[in-house]
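Asker: Please find one structure pasted underneath; my questions will follow.
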Amino acid sequence: MLVIPAIDLERGRSRVVFWPGASAGVGAPTDRPDVIAARFVEQGAAMIHLVDFEGARRGAPAAVDAIAAIASRVAVPLQVAGGLESADAVRLVFAAGATRAVLGMDVVDQPAIVRECVEVAGDWLAVGLDPRPERLAAFPWRRPAIPTLPELVGELAGLGVRRVVLAHGGVQPDVNLLHSLVRAYDVEVLVAGGASDVGGIRRLRDAGVTGVVLGEALLSGAIDFPAALEAAA
């Protein structure tokens, strides 16, 4: 299972300051996303997840310069989320250096847009979902009945989506549900958050999850990245 460091981008900077030597009082803090990404790659990261916060608010990519700076510094895939609600938005972040794109949940009830994005990104496309029942219930569905998470994943798979990223908002994920999704559908399941310690990482690994995306937990040092890699192996 991959452990994927996440960097939240806003105005070209990381929203969380990274200071890997804080506990020992060594090194220096940084909010430069290219420096943070390079540090994680040096430690063994096989992918970096970037969240365009301004883009998410705007509904269109806003962090293309930061993405380009990171892409020029590290030679691992960059998975970008935030503000991706159209095929043109996907093209824009790919042109900046992204190699994977995560559509927002705003598109899940618009199959024509999902198909267009699949045509652009193919297997490098993912869709971000919030699996909490209350979030699914609050979504402005255009259909008479609210789909379950498995039904939604099945629909996306039928449209050609081969990857979903499930955000849990600090809530522990249902590993039995994750395991059933992995077994039932031909999609990769990644979990954003959902692990507060290495034990949580092991549980996700055992459920068959492809990757866990961790942001502040790694940047703050709450979870040690080398230890997380070992737990995921």
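Asker: Rank G97, V107, A69 by how far each Cα sits towards the positive end of the charge dipole of region 1-151 (+1 on Lys, Arg Cβ; -1 on Asp, Glu Cβ) and give me just the farthest.
Answerer: A69
Asker: Continuing with this model, one more query. Treating each Cα of the chain as an identical point scatterer and ignoring solvent, apply the Debye formula and state log10 I(q)/I(0) at q = 0.13, 0.14, 0.15 Å⁻¹.
Answerer: -0.74, -0.86, -1.00
Asker: Could I have the simple spin-label model distance between R142 and M105, label points 7 Å from Cα toward Cβ, reported in nm to one decimal?
Answerer: Taking the two extended label points, one gets 1.8 nm.
Asker: Where both residues lie in region 2-232, what percent of DSSP beta bridges are antiparallel, nearest 5? Walk me through the numbers before you get to the answer.
Answerer: Numbers: 3 of 32 bridges.
So the antiparallel bridges in region 2-232 amount to around 10 percent.
Asker: Here's a follow-up. Starting from the amide H of L2, placed 1.01 Å from N in the peptide plane, find each other amide H under 5 Å away whose residue is 5 or more places distant or on another chain.
Answerer: Hits under the 5 Å cutoff: G211, V212.
Asker: Roughly how big is region 2-232's charge dipole about its Cα centre, with Cβ charges of +1 (Lys, Arg) and -1 (Asp, Glu), in debye to the nearest 20?
Answerer: On the way: 21 positive and 27 negative charges, 15 e Å.
With only Lys, Arg, Asp and Glu charged at Cβ, the dipole is about 80 debye.
Asker: Work through the residues other than F18 whose Cβ is under 15 Å from its Cβ and net out their charges, Lys, Arg +1 and Asp, Glu -1.
Answerer: Values: positive: R13, R15, R32, R39, R73; negative: D8, E10, D31, D34, E42, E216, D224.
Overall, the nearby charge balance is -2.
Asker: Bin width 10 Å, alpha-carbon pairs only: give the P(r) of region 63-157 as whole percents, running from 0 to the bin holding the largest distance.
Answerer: 16, 45, 27, 11, 1
Asker: Name the long-range amide H neighbours of D130: under 5 Å, sequence gap of 5 or more, or other chain; modelled H, no Pro or chain starts.
Answerer: Residues meeting the criterion, in which the H sits 1.01 Å from N, are A167.
Just so you know, all these numbers are worked out from the coordinates, no wet-lab data involved. Model, not experiment: these values are computed from the prediction. Backbone-built Cβ (ideal geometry, glycine too); neighbour counts: all protein chains shown.
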